[in-house]
Structures are given as structure tokens and as C-alpha cells.
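Inspection log for the structure reproduced underneath, given as C-alpha cells.
The values are calculated or read from the model by the stated rules, or taken from the named source; none is laboratory data. What you see is a predicted model, and the numbers here were worked out from it, not measured in a lab. Note that we place each Cβ from the backbone using ideal geometry, even for glycine, and neighbour counts take in every protein chain shown. Areas reflect the complete protein model, heavy atoms only, side chains present, ligands, DNA and RNA absent. Shrake-Rupley method; radii C 1.70, N 1.55, O 1.52, S 1.80 Å.
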Amino acid sequence: MEKAIEVNGLSYSYQGGDKKALDGVSFSVDRGSYTCIIGHNGSGKSTLAKVLIGLLGGFKGEVKLLGEPLNRRTIVSLRRRVGIVFQNPDNQFVGSTVGDDIAFGLENLAMPQSEMAKTVHEFALATGMEKELEVEPSSLSGGQKQRVALAGVLAMSPDIMILDEATSMLDPKGKGEIDSLIHKIKKSKPELTILSITHDLEEASHADQVIVLNEGKVLLSGEPSAVFEYEEELREAHLEVPFLYRFIRALKQEGIEVPPSLNSLESLEEYLCR
Amino acid sequence: MNITIGRYIPVQSPLHRIDPRVKIFCLIALMVACFLPYNRVINVDGVDKEVTYWALSAAIYGVMFLICTILFLVGRLSFGKLFSSMKSLWFTVAILLVIYILVPNYTVPTLGIAFKVPAMNNWTVYWDSFAGAGRIFFRLVLTMMLTFLLTATTKPLELTYAFEWYLSPLKIVKFPSAEVAMTISIALTFIPTLLDDVNRISKAQASRGASFQKGGFRRKVVGLTSLIIPLFVSAFSRSEDLANAMICRSYDPKGKRTRYRAYRFHLIDLFAFLFCAALMALAITMIAIRFDPFLSWFGVSLL
């Protein structure tokens, strides 16, 4: 299968820092897949996001995005195909209103004015912000701002979308809205590769692939059900396996086998009651 | 924090619909008409002296005040906000009056003696001092009304666009007008965020015992640093995040950009432009030809 992201032996240390933020990280992400990178604070996951979007130069190793090596020469063209939603909803709102913010990326790509209004409306509709086009950011909730950020990224029709802890500063309601919106987007755009950086293992359990980072190194990677088998290793990396997977593991220890395709409590309940 | 003046008031009105570029021109044109010196020449002991033409000035300020009042009504703006921001004006005008009485700024008094102060060696106070202070008062009031009209009926975003448009000829000398406009627009967008920061930080510091009101001047300044330094740190970290977000969305200040919002001139813009341009032209012409309406109407100069 075609790879969206290929990372080989990636190392990075911040200026003045004696420790490597990333230390020989290697992984690959299939095109059209939903991959979660999980890790505790300081595991290097945000550094990885910044390297992938080309904000941090001077790394060691090889990074290939959509088959092209990431370097000074390719960075500008690659950025047009890779979008990112950051953690803080306030600090990525560039426009003065919702409409202006969604249009910001399109203005940068020099999209003709006549097309822009249509595109902005289309993605405001897709993220449920079509009624707020003229609203200023100060009267939006954090969840709404993140929806606008998603709309702004999606409007540029990227091949890869990186979510750098996009829901970690939101309240549970806002987080739920963004999570379900991302699932909706994933369904309507199967060719879009989503790389979500998170410390929410619940979210990771819905991913196609999970990569666990710890102290700048890849600790584990694979399908969620396989990764969550390593409960002790994850705990050592300060990560708590979701209840569902702990439950499945406990069932296994009691000799009850459960197919690995089950990824929700409801489906497990259905399976067990059958 | 309470900022009443300079806020956009979102209502529907013809004034709100006028193009921001035209509105800025109108503001400047009307201000010019307010601030021009309306003088006339009188003969004192065989010498021609230029003095302020008080009657013409009063007539002009009256007309301007009437125009502003009508515009306030058309723009559906409340006078209450204007009056509340005029409170500090009275004090300024009172001080000005005292200065004008003590240090007269007219060449020749033309309005006659108001009173004499026996305690000050029969110091003569002319009505001209009062007229001078009154003129400053009306100029300030008109300036406030006009700027209030502009900012209350124009979104910050539109104002930024208008500034960019007026600065765009400077591109020839490599002046980064688009970048400046972008900076202004982001700064305006972030004012509420930073005000929230101020509230949050002052509460956090107050809970640790910092005080911004109590104590002498020294303590207040020291208290303020505990507010300003965290605010700066937060603002810098926000600006770094925002710069990253802009780079990631392919922002290139030197690259070609298109514009989401369309601004086109309409008939109402032409009307507003012609009206204000005509007023300014009229005022300048009156000065250039030393127009004397009162002389020509009544055959004698009234004042």
C-alpha cells in the first residue's frame, strides 16, 4: 500500500537541550489511514508533529511525505498538501471572523475570489459553522474554534491532516463534538490520511494504527488491540489502557477468547451475551 | 474593562453600508472643515490685522454639529455613549479657559470686554478668551463625534482594509502595506484574548496576595509588574503559536494572495464622497476668497 508518511531514524534535539527530543524514530503511515501517536507529556510527540509539518529544521534521519523527502526545497509545496490543527483554539485563529479564518489558507493559495465564498461555505457547512460565518472569535467556544480550524485546514484539501492534541484543551462536550466530526470527515473523505497526536487512549482505540512514543523513542506500534496487550509497558510510559482493553485482557486470563475486531463496549456486550 | 468609545456597534444602517475607504476620506474631509482657521482682516489704527472671524466660525461649527447629529440619527447611534466619554472634556476646556484668560492667544480682541479683575491690577478679560476656549471645545466635540461615527459604524476588519488600501501606493517604495494591515487586523482580533489574560493573571496574582489598588505609587507600580510580565510572556507564546499556525497554512507575506471579502463602490459611496468633498471644498474656498457672509447680507460686518 502507498505510504503517506515514512519516517526513518528521525532524531531531533532542541538548541541548548542536552536530551534528544526524538531519538531514532521510525514508522510509516498508510495513505487513507487513521493513525494515532500516543505518549505522555514530554515523550516527543509534539516535536514529531512540528518536524512533520516542517516547522523544525535540522533534524537527523529521513522524513518522506507523500513519497517526497521533506527538505528545504520541498517544504513549501508539501505544506500545501499537509494540514495541521494545533492544541490551543485561541492561538490558531488568524481571521477576524469565522469566514475570514476559513478563507485564510485559501487566500494564501491565491484562490480566485469568486470560488472562495463557495468553498468557505461548503466547509463551514461540513463542520456545522455555517450560521456563524460573520461571528468574531471572542464569542465562540473552544470547540467551535477548533471546528473552524478543522474547516480552515480541510478547505485547503490536504492529503494528510495532522491533529496535534486538537481536543486536549476542550471541555468534554467540545471534545465529543470534535471527535465525532473527525469520524464524519474520515468517512466522507476515505483518501485523507489522518495522523492524530494525543494522550487519549480511548480515541486511539478507534485508530487503524497506534504508535506509542516514550522518551523520544517508538515504544510500541501496531493495531490498537495488539498495542493494548502491553499493559505493563504502557503503564511504565505513564499511559493507562482503556477499560475495554483491560477488560478483554482479564477475560483472556480467565480463558475467554474475544475476537480482536471488537473495539467498543457495546459490541463486546453483544458478543458476550450471544 | 470598559471601552465604550471606538467600539463597533452592529446595527443595520445606511452609514454601516458605506465603503470603509469612503468613510475614512469623509472623516478626514469633515475634520479639515472643522479645523481650518476662519479669519478675516480688520483695520486697527491704520494697520491691517488678521483676526478670527467668530461669527463665521460659530456658523460653521453649528452646521457641522447639525450634520453630525443627523448622521448619529441615521447611523442609529446613541448619544449616551458619546456624552459619557465627554466627561473628561469639561475639565480640559476649563483649564484652557484659565490659560486663555491669563495668556490671551488673539491678536486683537474683537468681542469686547467681559469683565475686569480688580485684584489683578484691573486685568481685562475679553470675550475672545471665552470664544477661544469654546472653539477648542467644539472642535474636540466634533472630532469625537466624527471618530465615533467612523468606529461605531465600521468593523475593525473593514478599517484595516481601508488603511491597507490607502497605504498601497507606498508599495512602490517597498512599504509592506499588506503585512502592516495583517498585523493590525491580528492585533485587533487578539484584544479580547489578551483582556481575558489580564483578568486571569490579575486574579491569579491577587490570590497570591498581589494588590493593584492599595498602597502608594511605588507599591502600585510593583504590583503592576506582576501583571505585565506574565502578560508579556503569554502574549509572546501566543504570537509564536500563531506564527506557526500561519506558516502551516501557507502564509507567505511576499507571495501572491487573493482576498475573501469583496469591496466594491456603490451609489451611496459616491453620494457620501461627493457630499463630504463638497463640504471641504466649500470651506477651503471660503477661506481662499475671504468670504464674508455677514457683510454681504447685512451690509455691515456684525462682529
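Here are the numbers for this structure:
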quantity	calculated
Hey, A:L140 more than 10 Å from chain B (Cβ to nearest Cβ), open to solvent by 10 Å² or more (accessible area, probe 1.4 Å), more than 18 Å from B:M182 (Cα to Cα) and of a type in the set (A, V, I, L, M) or not	yes
Selection status of A:S114, closer than 20 Å to A:S188 by Cβ, without any contact (Cβ under 8 Å) to a residue 24 or more places away in the chain and of a type in the set (S, T, Y)	no
Every residue from region B:220-260 that is charged (D, E, K, R), more than 7 Å from chain A (Cβ to nearest Cβ) and outside any helix (DSSP H, G or I)	B:K254
From A:D164, A:D208, A:D200, residue being surrounded by fewer than 18 Cβ atoms within 10 Å (Cβ to Cβ), in contact with a strand residue (DSSP E or B) (Cβ under 7 Å, 6 or more places away or on another chain) and assigned by TED's automatic domain parsing to the domain that holds A:K20	A:D208
Residues being crowded, with 19+ Cβ neighbours inside 10 Å and either farther than 17 Å from A:E215 by Cα or in contact with a Cys (Cβ under 8 Å, 6 or more places away or on another chain) (or both) - total across region A:38-63	4
Residue in region A:234-242 that is among the acidic types (D, E), open to solvent by less than 30 Å² (accessible area, probe 1.4 Å) and part of a helix (DSSP H, G or I) present	no
Options B:F148, B:F190: the member that is out of contact with any strand residue (DSSP E or B) (no Cβ under 6 Å at 6 or more places or on another chain), within 14 Å of another protein chain (Cβ to nearest Cβ) and either outside any helix (DSSP H, G or I) or in contact (Cβ under 8 Å) with a residue 40 or more places away in the chain (or both)	B:F190
Yes/no for B:V93 being outside the structural domain of B:L195 (by TED's automatic domain parsing) and in contact with a Gly (Cβ under 9 Å, 6 or more places away or on another chain)	yes
Yes/no for B:F83 being hydrophobic (A, V, I, L, M, F, W, C), surrounded by fewer than 12 Cβ atoms within 10 Å (Cβ to Cβ) and closer than 30 Å to B:G112 by Cα	no
Criterion violated by A:I84 - all others in (1) at the interface with chain B (Cβ under 8 Å from one of its Cβ atoms); (2) over 14 Å from A:L154 (Cα atoms) satisfied	(2)
Failed condition for A:S77, given (1) within 28 Å of A:K145 (Cα to Cα); (2) under 15 Å from the mean Cα position of the chain (by Cα); (3) at pLDDT 90 or above; (4) open to solvent by 20 Å² or more (accessible area, probe 1.4 Å)	(2)
Unmet requirement for B:A114, which otherwise passes all of (1) surrounded by fewer than 16 Cβ atoms within 10 Å (Cβ to Cβ); (2) touching a Phe, Trp or Tyr at 6+ places or on another chain (Cβ under 7 Å); (3) within 28 Å of B:M31 (Cα to Cα); (4) not aromatic (F, W, Y)	(3)
Considering residues of region A:96-107 that are open to solvent by 10 Å² or more (accessible area, probe 1.4 Å) and touching a Phe, Trp or Tyr at 6+ places or on another chain (Cβ under 7 Å) only, the residue nearest to A:A151 (Cα to Cα)	A:D100
Among (1) free of Cβ contacts under 8 Å to residues at least 12 places away in the same chain; (2) open to solvent by less than 60 Å² (accessible area, probe 1.4 Å) - the single one B:A178 does not satisfy	(1)
Qualifying helices (runs of 4 or more DSSP H) (wholly inside region B:1-95; at least 3 residues being of a type in the set (F, W, Y) and in contact with a helix residue (DSSP H, G or I) (Cβ under 7 Å, 6 or more places away or on another chain))	B:54-74
Criterion (open to solvent by less than 30 Å² (accessible area, probe 1.4 Å), among the β-branched types (V, I, T) and within 30 Å of A:G83 (Cβ to Cβ)) met by exactly one of B:I186, B:I201	B:I186
Residues being open to solvent by 50 Å² or more (accessible area, probe 1.4 Å) and away from chain A (no Cβ under 14 Å) - total across region B:261-270	5
Selection count where residues are more than 20 Å from the chain's Cα centre (by Cα) and within 13 Å of chain B (Cβ to nearest Cβ), scope region A:45-74	1
Residue in region B:122-134 that is more than 14 Å from chain A (Cβ to nearest Cβ), among the aliphatic types (A, V, I, L, M), outside any helix (DSSP H, G or I) and open to solvent by less than 40 Å² (accessible area, probe 1.4 Å) present	yes
